[in-house]
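Comments concern the structure below.
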Amino acid sequence: MSQINPTLVTFLVYIIAMVGIGLYAYKSTNNFDDYILGGRSLGSVVTALSAGASDMSGWLLMGLPGAIYLSGLSEAWIAVGLIIGAWLNWLLVAGRLRVHTEVQNNALTLPDYFTGRFADRKRILRMISAVVILVFFAIYCASGMVAGARLFESIFGWNYTTALWISAIATISYVCIGGFLAISWTDTFQAGLMIFALLLTPIMTYLAIDGNAAQFTVLLETARPQAMHIVSELSTVAILSSLAWGLGYFGQPHILVRFMAADSVKTIPAARRIGMTWMILCLGGAVGAGFIAIAYFQQHPEYAAVVSANPETVFMELTKVLFNPWIAGIVLAAILAAVMSTLSCQLLVCSSTLTEDFYKTFLRKNASQKELVWVGRLMVLLVSVLAIWMAGNPDAKVLGLVAYAWAGFGAAFGPLIILSLFWKRMTLTGALAGMITGAIMVIVWKNAFGATGIYEIIPGFISATIAIIVFSLLSKAPEKDITDRFEQADELYKASK
């Protein structure tokens, strides 16, 4: 009898559990609103943890620990920027967006919200924003597919194509079956798995080097003398570019949709506290794992070969070395959870955009709810096939694609979302100008000025904000019914706090 592979068994149990949750959610999906936003029924815990899990992809357990292991604490600035950005997003955007989307004809998607907010009768803004979502999310989904394939390839030694299809099918199945509720419930479970792994691994790594602070410091200074310097040799531009990742939160559709799905504004403050606590602990664990690993692999060079060749495997290698195979399977499943939680919500956002903003708007205005749900499922499959095709190249640069897509959404939608919720005078012309300017600036800056080291979200965000303000003031003031709806939403938000 062949020996049982504990990690494989753990992964199979985990995947079966996720599909099981999808089947359970299927029973609660009665219409398209349920499929796309879960009927706006999420409580504070599910809202918080599903938002966090959908945000933190495989980058949290692979990219960040790897960067810290390679360069030290100077790479932690990005975590600081993300924490600040996420907190401001919860504080300034979450509650207001929940109310405004409901007032604007119960908008189910961001393009739907923009159409109602600015009375876009010609549906130009809906079309362009939907295209922006599809373009950048195609890149995002492909990067998620690659990350999942890399995980299966690394752990089980499968060839890249086999690993790609298995990891993709695991995610696609429960998204198709259960929609938004399945994603939100699985994200909540996955968030628990991620924080368990990220808190346990750095503690076990520190204990493995005898938990001696003096010895730890000596090992660290021998391996990477600059590792403890949070500024190190970084320039001001490098630090600001890392912090600027936080700007991206205001424009990420897969995160904003969680705010739209909360059961009420009163849910948001508790969700913010839960979500931010989870995020800070997870980022701290990821930084800690990479940092302590520097000393561990200096003390145990016999295990360091794989990590030296590819620093992004540091979390996986620590897990394999330090834990019992069955516990290691659970911890490694957390990486799969991070990949699946982000990819699943990205697939659903693409599906909702294609279904609500193209199919229903331009092809079948009178489509039944049942028809829309099944079209939504079909769109998940179509987007998945496209992402798998894009991810077919095993040499795809995952982290570079993620950074590009994050900047694209942050610049195109971030200023648009913030100003639409706070500025009554904002116009359709201003919204169009800002979104187009932000998206184009990111693309142009990345390709023409990338050598400057300035993260493209900075010029993109600034130029989009300026474009919105200038073109709004130059164009005719919004009609009274537009400002009346804005004031109604603003009053409802203030009254519900």
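The values are calculated or read from the model by the stated rules, or taken from the named source; none is laboratory data. Model, not experiment: these values are computed from the prediction. So basically every Cβ, Gly included, is an ideal-geometry build from the backbone, and we count neighbours across all protein chains shown. Note: areas computed on protein heavy atoms with side chains; ligands, DNA, RNA excluded. Shrake-Rupley method; radii C 1.70, N 1.55, O 1.52, S 1.80 Å.
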Next on the checklist: Explain nothing, just the number: dipole magnitude of the chain about its Cα centre with +1 on each Lys and Arg Cβ and -1 on each Asp and Glu Cβ, in debye rounded to the nearest 20.
Outcome noted: 1380
Next on the checklist: At R0 = 30 Å, how high is the FRET efficiency between residue 452 and residue 88 if r is their beta carbon distance? Nearest 0.05 is fine.
Outcome noted: 0.70
Checklist entry - Binned at 10 Å from 0, what are the whole-percent values of the Cα-Cα distance distribution for region 256-341, short to long? => result 14, 35, 26, 16, 7, 1
Checklist entry - Per 20 Å bin, what percent of the C-alpha pairs of the chain does each bin hold, from zero upward? => result 24, 57, 18, 1
Item to check | Cα→Cβ-extended label distance, 7 Å offset, between residue 365 and residue 203, nm | outcome: 6.0
Checklist entry - What is the list of residues in region 434-477 whose amide nitrogen lies under 12 Å from a point 7 angstrom out from the Cα of residue 237, following Cα to Cβ? => result 449-456
Item to check | region 59-171: Rg to Rh, with Rh as the Kirkwood radius over Cα pairs | outcome: 1.11
Checklist entry - For region 208-317, what relative contact order do you get, as a whole percent, if you take Cα pairs closer than 8 Å and at least 6 residues apart? => result 40
Checklist entry - Taking the Cα-to-Cβ direction at residue 444 and at residue 480 and moving 7 Å from each Cα, how far apart do the two end points lie in nm? => result 4.0
Checklist entry - Contour minus end-to-end for residue 4 and residue 324, with contour as 0.36 nm per residue of separation and end-to-end as the Cα-Cα distance? => result 113.8 nm
Next on the checklist: Name the residue from 235, 324, 204 whose Cα lies farthest towards the positive end of the charge dipole of the chain, charges +1 on Cβ of Lys and Arg and -1 on Cβ of Asp and Glu.
Outcome noted: 235
Checklist entry - At what distance in nm do the modelled label points of residue 470 and residue 303 sit from each other, each positioned 7 Å from its Cα along Cα→Cβ? => result 5.6
Checklist entry - How many Å² of accessible area per residue for region 400-497, probe 1.4 Å? => result 44
Checklist entry - So what is the 222 nm mean residue ellipticity for the chain from helices alone, if each DSSP H run of at least 4 adds -39500 (n - 2.57) and you divide by all residues, rounding to the nearest 500 deg cm²/dmol? => result -25000 deg cm²/dmol
Checklist outcome for this item: Between the residues 148, 345, 195, the Cα farthest towards the positive end of the dipole of the chain, that dipole coming from +1 and -1 charges on the beta-carbon of Lys, Arg, Asp and Glu, is from 345
Item to check | Gain on full stretching of the segment that runs from residue 229 to residue 214 - 0.36 nm per residue minus C-alpha separation | outcome: 3.7 nm
